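Below: one structure, written as C-alpha cells.
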Amino acid sequence: MAEKSVTQSGLAREVGVDRSTVSQLLTGQGARLPNAQVVAECAAALGVSADWLLGLTERPERLADLLATSLTMTEAPRALIDETIFGWHQEAAGYKIRHVPATLPDMLKTRDMLRWEYEPQLGRTAEQAIGASEDRLGLMARSGSDYEIALPGHEVEAFVRAEGYYRGLPAGIRAEQLARLRELYRQLYPALRIYVFDARRVFSAPVTIFGPLLAVLYLGRHYIAFRDSARVAGFSSHFDWLVREAELGAREFPDFLDRLARDGGL
C-alpha cells in the first residue's frame, strides 16, 4: 500500500469492503482469514500476486508478470547473423556455456561448409552472414568461458558419410571440415570440450545453457528462453546427465574424428 500510495480507505473502496476490514487485516487484531474474493481483489488493486499476500511465495509479482520475465519466445531466423543469441553469449561471458547443437556447431564450421548449408536460404547474403560464426568463436576465445558441447554420435557419422541432412555434401568439404574440427579442438581444449552420446539411449533437443543466467531451447523458427533459476538449473542438470551418459569423453573426441575420417575415406 505504501509503495502504491494507497490508503486504507482507498483500498477498501476498490475491494468493496469496509475500511475497518482493511484495518483489521493490517493490524492482525481480531481479523479472520479473508475469503478468496477479498484476497483476489486486494491483489488486483495492489498489482501483486494473491499467493504473496497469503505468504505462499517470496515473489510479489503476478504470475503473468513472472512468466513474461522468466520465459520469452524469440524469432530464430535461418541465418548466421543472429544478434539475439550473440547477445546471450556476450551476457554470459566468463560463465560455462553448455550446448547441444541442432547440427554440427556453427562456430566450428568452415566457410565452405557454412556456404553449402546456408546459401539455399540466404543466397548471396550468405557471404555476409558467415562472419558471425567466426565472431562467436572469437568471443569464446576472449571471454574466458568454458564451452561444453554434447553431440549425438549419429550426427557426426551422418556428416562423414554425407547421409540424411548432409546428403550431397562434397567429399572435399567434408574432409576440410574434419580437419578444421581437429585443429580447433587441439587449439581450444580444454576450454572447449565435446562429448559424444548415443541418441538411442539418451536424447536431447537442441539447447544452450548460458551459465546460471538462462537456458534456451531451439525450435527451428523460434528460441524459447528461460531465466528463472530453477528452470536453468533443471536444464543444466539435463546437460550434465548427457555428459555422464556420453559414450566418448572430451579427451576421446579427436580419436573419434580420426577413426571416422579413416572409415569414410577422408
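Per-residue extension of 0.36 nm, minus the Cα-Cα distance of residue 33 and residue 202, leaves a gain of 55.9 nm for this segment. Between amide H atoms placed 1.01 Å from N, distances below 5 Å from residue 151 occur with 195, 196, 197, all of them 5 or more places distant or on a separate chain. Charged side chains reduced to their Cβ positions (Lys and Arg at +1, Asp and Glu at -1) give the chain a dipole of some 120 debye around its Cα centre.
Full extension of the chain between residue 83 and residue 224 yields a length gain of 49.2 nm, computed as 0.36 nm times the residue separation minus the alpha carbon distance. Between the exposed loop cleavage positions of the chain, defined as GluC sites (Glu not before Pro) in a non-H, G, I, E, B DSSP state with at most 16 neighbouring beta-carbon atoms within 10 angstrom, the longest gap is 62-162. Look at the dipole of region 165-230 built from charges on Cβ: of 184, 172, 226, the Cα furthest out on the positive end belongs to 172.
Considering only 11, 23, 43, and ranking their Cα positions along the charge dipole of region 1-56 that arises from unit charges at the beta-carbon of Lys, Arg, Asp and Glu, the one farthest toward the positive end is 23.
Test of understanding: in a Gaussian network model of the chain with alpha carbons linked when under 10 Å, which of 174, 193, 19 would top the mean-square fluctuation ranking? Comparing 174, 193, 19 in the GNM, the peak value goes to 19.
The amide H of residue 162, built 1.01 Å from its N in the peptide plane, has no neighbour under 5 Å, considering only residues 5 or more places off or on other chains.
Fewest neighbouring Cβ atoms within 10 Å first, the residues 1, 113 line up as 1, 113. Find which of 265, 100, 156 sits farthest along the positive direction of the dipole of the chain, computed with +1 on the beta-carbon of Lys and Arg, -1 on that of Asp and Glu, about the Cα centre. Of the listed residues, the answer is 265. Only one item in (1) 85, 41, 33; (2) 50, 48, 34; (3) 48, 43, 36 matches Cα extents along the principal axes in Å derived from the coordinates shown, and that item is (1). Counting neighbouring Cβ atoms within 10 Å and putting the fewest first, the residues 84, 208 line up as 84, 208.
Coordinate-derived values only; no laboratory data. What you see is a predicted model; the values in this text were computed from it and never measured. Every residue, glycine among them, receives a Cβ derived from its backbone with ideal geometry; neighbour counts consider all protein chains shown.
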